[in-house]
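J.: Below is a structure I'd like to ask you about.
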Amino acid sequence: MKDEQTIQWYPGHMTKARRAMEADLKLVDAVCELLDARIPYASRNPDIDALCRNKPRLVILNRADMADPAMTRRWSEAFRARGLMTLETDSKSRRGISRFGPAVRELLSGKLAQYSAKGQVGRTLRVMVVGIPNVGKSTLINAVSGRKGARAENRPGVTRGKQWVTVDQGLELLDTPGILWPRFEDMQVGRHLAYTGAVKEQVVDQEELAAGLMSLLAERYPAVLAERYGIDCTGRSPWELLEAAGRRRGFLVSGGEVDLERSCRMILEEFRNGKLGRFTLETPQLLGEG
Ligand code: G4P
């Protein structure tokens, strides 16, 4: 697990992140706000509108390969209805990545027209990627720039200029993304971040978490549970369902009892690695509450 994922956000961290973002914002023409398409609300920084103020912004629904496609479309529409441009990507397999450059140019078409009116044809556009830890920022930066290796190290205390990576001629990305905090004070958001594996495992009780996920799946996707684990959800508590799934898989301990801990690990793992299918845990109605 990477360091970023283990960050616990304290007021000091948030102030630092905010300052870093404010400094970097001065250097760019636009911001790419990266979200996890499975949890677009939980993976969104609560202060992003205030932080970006009037910078043009492209909302990227990343991990679209793991989300429900119909829901991703609904989320895109909801953001567009709020005047934000959107892009759906799977940065890992590079799906949607070729639309990044055109989308940024469309976002900044006014600026490009101004440049061209002043005869400044070919002036470089600069953008930065921002998002919560583990949302896919580095993967996206590497995918759009075609870069393979790790990014240039940014050691604290060493003064150096900002590094830029080229997307294509006339378009550059800041090579270090802005790391922002999630809406962690909201319990539901915390659970969604934990189900998808965006927050550190040890900070949440795994059995409670698995029961919560089971209850959500039983309510919204009973057919998935029936198909994958051969269990009927009707009238059963999440604990009974976890037990039934474990029994089905043969996770037994001495005396014929089900190894509940193992069942819990299994459901979380299979959900996170996409074995259960593609899911979106949140609806765009939440945007109205944001
Ligand atoms: P960060 O910079 O925002 O912290 O995130 P990072 O790019 O490191 O990505 C976190 C994990 O998410 C990586 O997996 C990465 O491969 C995966 N990922 C990023 N974008 C996508 C996407 O669009 N779809 C899918 N399915 N996965 C994505 P990892 O397990 O840490 O590494 P690896 O095993 O993939 O190399």
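J.: Efficiency by 1/(1 + (r/R0)^6): what FRET value for ASN273 and ALA223, r their Cβ-Cβ distance, R0 = 25 Å, to the nearest 0.05? Please report the intermediate quantities before stating the final value.
T.: Details: r = 20 Å, r/R0 = 0.80.
Once the sixth-power term is evaluated, E becomes 0.80.
J.: Calculate, for GLU261 and THR124, the FRET efficiency according to 1/(1 + (r/R0)^6) with r their C-beta to C-beta distance and R0 41 Å; round to the nearest 0.05.
T.: Values: r = 54 Å, r/R0 = 1.32.
FRET efficiency, GLU261 to THR124: 0.15.
J.: Test of understanding: in a Gaussian network model of the chain with alpha carbons linked when under 10 Å, which of PRO182, PRO46, PRO11 would top the mean-square fluctuation ranking?
T.: It is PRO11.
J.: Pop out the ³J(HN,Hα) list for segment 270-283 in order, Karplus 6.51 cos²θ - 1.76 cosθ + 1.60 with θ = phi - 60°, rounded to Hz; leave Gly and Pro as x.
T.: 5, 5, 5, 8, x, 5, 7, x, 9, 9, 10, 8, 10, 9
J.: While we're looking at this one, here's another question. Which distance in nm do the two modelled labels at VAL204 and SER109 give, with both placed 7 Å along the Cα-to-Cβ direction?
T.: Label-label distance for VAL204 and SER109, simple model: 4.1 nm.
J.: Step by step: find N for segment 2-175, compute 2.2 N^0.38 Å, then divide the Cα radius of gyration by it. What's the final number?
T.: Numbers: Rg = 16.1 Å, N = 174, 2.2 N^0.38 = 15.6 Å.
The reported ratio for this selection is 1.03.
J.: Rank by packing, highest mean first: peptides 113-122, 138-147, with packing defined as the count of other Cβ atoms within 10 Å averaged across residues.
T.: On the way: 113-122: 10.2, 138-147: 19.9.
Top of the packing list down: 138-147, 113-122.
J.: Here is a follow-up. Gaussian network model of the chain, Cα springs within a sub-10 Å range: biggest mean-square fluctuation belongs to which of ALA50, ALA223, ALA244?
T.: Judging by the Gaussian network model, the answer is ALA50.
J.: On to the next question. Which links in LYS16/LYS137; LYS16/LYS118; LYS55/LYS118 stretch past 28 Å when you go from one Cα to the other?
T.: Numbers: LYS16/LYS137 19 Å; LYS16/LYS118 38 Å; LYS55/LYS118 21 Å.
Going by Cα-Cα distance, LYS16/LYS118 fall outside the 28 Å limit.
J.: What number do you get for the chain when its Cα radius of gyration is normalised by 2.2 N^0.38 Å, N = residues?
T.: Working: Rg = 21.3 Å, N = 290, 2.2 N^0.38 = 19.0 Å.
It is 1.12.
J.: Okay, moving on. Among VAL258, VAL59, VAL129, which one moves the most in a GNM of the chain with springs linking Cα atoms closer than 10 Å?
T.: Per the Cα network of the chain with a 10 Å cutoff, VAL258 tops the list.
J.: Determine the distance separating the Cα centre of segment 241-286 from the Cα centre of segment 21-100; give it in Å without decimals.
T.: First find each Cα centre; the distance between them is then 30 Å.
J.: If you don't mind, another one. Over segment 205-287, one equal point on each Cα, no solvent: what is log10 I(q)/I(0) by the Debye formula at q = 0.16, 0.18, 0.27 Å⁻¹?
T.: At q = 0.16, 0.18, 0.27 Å⁻¹ the computed log10 ratios are -0.58, -0.72, -1.47.
J.: Excluding LEU125 itself, calculate the net charge of residues whose Cβ lies under 12 Å from the Cβ of LEU125, where each Lys or Arg counts +1 and each Asp or Glu counts -1. All intermediate terms of the calculation are to be shown ahead of the outcome.
T.: Values: positive: ARG105, LYS111, ARG123, ARG126; negative: ASP29, GLU106, ASP168, GLU172.
Around LEU125, the surrounding residues sum to 0.
Taken together, the values in this text are just the output of simple stated rules run on the coordinates, not laboratory data. Everything numeric here is computed off the predicted structure, so don't read it as measured data. Cβ sites come from the backbone with ideal geometry, for glycine too, and all protein chains shown count toward neighbours.
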